[in-house]
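Reviewing the structure listed below.
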């Protein structure tokens, strides 16, 4: 199929139909021998999905795409680039390579990368694309990565694994329930490399992961525009002690902070009615850490309440990881009901009503700059009218 997709006529057809109604193309007769309409439609949809997520692939001629699901599941270029800094040694084996995006970016900073993908067609596509993109130091292998690791007489600086969840019911899962089973094969992995990097879904609980794993030196929580994208577990063979938690946001400006595995015992709370100043709303990467007191202490902020997870300062700190709002006024929720022609956005933190319900009830019309923050201060419900001064 790869060769059929590479003709100039087929590539021109794909590029000219990126904004077309693909469902019609899929149901029509294919204009090319040897390619079905469904295959053409898949190339169009998959390439379109890569436009923002994988611009290097999107802008390169003669790239072949796998199923749209593979494109959706692969790392973005931003997160793949971030992982470059985590590798150790000069060689790496990616035992769950998929579309090969992570392998490609690892290859930019290492001498050699072994990219293992059990799906033969997907491996062939990755090998073709690696050649087109000029990554000559990637060796694509259509094999089970764990089986290959067991059979080959070779060690690596780093092993990279992106295990897939077998049980998708519910939000709580264990690494032992994923494929490959990292927990079961951890001793083998540690024999074959100095460092192991495991990418997991953000749904994995930090303490649950630490219960299953050993020698974890770092846990990286990576988010993009307040959406947690990846948890990266760094395992070093000789490491003992508590891992550090690294929260990173990959937005227009990259921000990063280290937080303790176990939260600080004490922090400061506001004790007076707020007059002016700034409200701080943590990014989801900070929230995932669970170190709510440490967040306040490291940024020298005061908490509004134990369960509110909002913070206050009289000063604006642009290094904060999250949104910042300048307080215009604060009032009781009942007072807001008397206001007419409200414009803004509604944020709810530790408040008994949902944001969408409040928008309907108060007839709040959208406004990009104004935010009404419903929360608790000193066990009293309060609404802050604010203007946003820093986005995610």
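Each reported figure results from applying straightforward, stated rules to the coordinates on display, with no laboratory input. Given the structure is predicted, the values throughout are model-derived calculations rather than measurements. We place every Cβ from the backbone using ideal geometry, glycine too, and count neighbours over all the protein chains shown.
Along its three principal directions, the equivalent ellipsoid of the stretch 2-66 from the Cα gyration tensor extends over semi-axes of 18, 14, 9 Å, largest first. Assign one of three labels to the stretch 301-392, namely rounded, prolate or oblate, based on the Cα gyration tensor with a ≥ b ≥ c the square roots of its eigenvalues; rounded applies when a/c is under 1.5, prolate when it is not and a/b is larger than b/c, and oblate otherwise. It comes out oblate by the Cα gyration axes. For the chain, adding -39500 (n - 2.57) for each run of n ≥ 4 DSSP H residues and dividing by the number of residues yields -8000 deg cm²/dmol at 222 nm.
Listed from fewest to most Cβ neighbours within 10 Å, the set 103, 75, 16 follows the order 16, 75, 103.
Taking the longest Cα principal axis of the chain as reference, the axis of helix 120-132 is set at about 90 degrees.
Secondary structure note: in the stretch 278-390, about 85% of the DSSP beta bridges are antiparallel. Please give the Cα centre distance for the stretch 198-269 versus the stretch 106-138, rounded to the nearest Å. Centre-to-centre (Cα) distance: 28 Å. Among the listed values (i) 20.6; (ii) 18.6; (iii) 22.6, the one matching mean projected area of the Cα convex hull in nm² as calculated from this structure is (iii).
Could you check which residue among 51, 61, 335 shows the biggest mean-square fluctuation in a GNM of the chain with a 10 Å Cα cutoff? Comparing 51, 61, 335 in a Gaussian network model of the chain, the most mobile one is 335. Axis of helix 37-53 versus longest Cα principal axis of the chain: the two differ by about 50°, to the nearest ten degrees. For the stretch 1-37 and the stretch 315-392, what is the separation of their C-alpha centers, rounded to whole Å? The stretch 1-37 and the stretch 315-392 have Cα centres spaced 49 Å from each other. Taking label points 7 Å from Cα along the Cα-to-Cβ direction, residue 379 and residue 185 give a separation of 5.5 nm.
Annotation for residue 266 and residue 211: the two label points, set 7 Å from Cα along the Cα-Cβ direction, are 3.2 nm apart. Neighbour counts of other Cβ atoms within 10 Å put 196, 295 in the fewest-to-most order 196, 295.
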